[in-house]
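The values are calculated or read from the model by the stated rules, or taken from the named source; none is laboratory data. Quick caveat: nothing in here was measured; it's all calculated off a predicted structure. Ideal geometry is used to build each Cβ from the backbone, glycine not excepted, and the neighbour counts take in all protein chains shown.
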Amino acid sequence: MGFKMAGFKVLWANEFIPAAQEVYRINHPEVILSTDDIRKVQPEDILRSIQLQKGEIDVVEGSPPCASFSSSGRRDRTWGQIKKYSDTKQRTDDLFFEFIRVVEGLQPRVFVAENVSGLVRGRAKGYFKEILKGLRDCGYKVEAKLLDAQWLGVPQHRERVIFIGVRNDLNKDPEFPFPLPYRYSLKDAIPNIIRERYADGSWRLSNKPAATVLQSGSSVSLSAKMNGGGYIEIETDISGSCIGVEYDKIKSGEGSKKYQNLLKASWDRPSPTVTQAGGHKGTAAVVHPTEKRKYSIQELKRICSFPEDFKLTGTFEQKWERLGRAVPPLMMKAIAEIIRDKVL
């Protein structure tokens, strides 16, 4: 999505999780979507499907699943093991090396790879160094930086390690976007709530002016226009859970000492990081600053900088997971623009 916002034409994609495949097809019907395990995908098969030769692709972008390098929990205990990942079971700590294999076989002019900040911390640094060497051995000048989405137009604190590689024969260096001189707060991103409940238990979003992310051609901006309101799903309610009891004990902008991942957002700052597991009932996660609930999906789309018309399918938890796993589009748009203007 971020590359499309920057004016790129996306030709081919790979997605292994069925629920994510469905969402991708709905929002990007023009893109060839491979559903094979990436370990089985050969570079020559990709080139054949998009009718290009080795070395002709402008950019290859990859986000190898990163749960194995998350900063939370005893992540290293699962390295080398098959474990639950979304709706499947698979090993995930080796997938960055599959990305390296694909880059080596395709030889794009530029590549972009993304992973969690935990990749450069603790014992995972060994993986980071090995990945960096592998990418450089493919014939690229490679740099990696830790970027925070809140300084790239996204109303959310979200750190990601971004690798950018430029093929050696281009004689150019990797370029990264500069941080903006301002940030969008939570109150810039989501509206207030009309306290009127529908028969099914859902709340309705107000039609009062509120900032939202909209796509217009190849540009994206925060606009005060709100398109038709939305709903607060009943799954957001935490009043009957342990974290609901804890909610009353913490102030806006603070976290719980009892539940590590329970964070009450502040209206005046970007949202804390949205994790993929936050949509599970009773799971400690970022919560609304003044309502005893989690974000609604519509609010979450804005906090994650997805366009209003981006479609999601499945259960509340599945929709939350899709947004919680994604690189915020405005963050990737900023990266794509610097590559478009300074490298290619």
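Brief remarks follow.
- Of all the numbered requirements in (1) surrounded by 22 or more Cβ atoms within 10 Å (Cβ to Cβ); (2) in contact with a Leu (Cβ under 6 Å, 6 or more places away or on another chain); (3) of a type in the set (A, V, I, L, M, F, W, C), Ile190 misses one, and that requirement is (2).
Conditions tested, residue by residue: (1) at pLDDT below 90; (2) in a strand (DSSP E or B); (3) touching a helix residue (DSSP H, G or I) at 6+ places or on another chain (Cβ under 7 Å); (4) farther than 27 Å from Met332 by Cα.
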{"residue": "Lys225", "(1), (2), (3), (4)": "yes, no, no, no"}
{"residue": "Lys249", "(1), (2), (3), (4)": "no, no, no, yes"}
{"residue": "Ala284", "(1), (2), (3), (4)": "no, no, yes, yes"}
{"residue": "Thr290", "(1), (2), (3), (4)": "no, no, no, yes"}
{"residue": "Tyr295", "(1), (2), (3), (4)": "no, no, yes, no"}
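- If you go through region 226-272 and pick out every residue that is closer than 19 Å to Arg183 by Cα and either crowded, with 20+ Cβ neighbours inside 10 Å or touching a Phe, Trp or Tyr at 6+ places or on another chain (Cβ under 8 Å) (or both), you end up with 6.
- Output for region 25-43, where each listed residue is farther than 23 Å from Leu106 by Cα and either aromatic (Phe, Trp, Tyr) or surrounded by fewer than 14 Cβ atoms within 10 Å (Cβ to Cβ) (or both): Ile26, Pro29
- Verdict on Glu196 being out of contact with any His (no Cβ under 9 Å at 6 or more places or on another chain), modelled with pLDDT under 95 and not assigned by TED's automatic domain parsing to the domain that holds Met331: yes
- Considering region 142-187, the residues that are part of a helix (DSSP H, G or I) and surrounded by fewer than 18 Cβ atoms within 10 Å (Cβ to Cβ) include one that is modelled with the lowest pLDDT, namely Lys187.
- For region 292-303, a tally of residues being touching a Lys or Arg at 6+ places or on another chain (Cβ under 9 Å) and over 18 Å from Arg158 (Cβ atoms) returns 0.
- Qualifying residue in region 326-342 (condition: under 22 Å from the mean Cα position of the chain (by Cα), at pLDDT below 95 and more than 15 Å from His157 (Cα to Cα)): no
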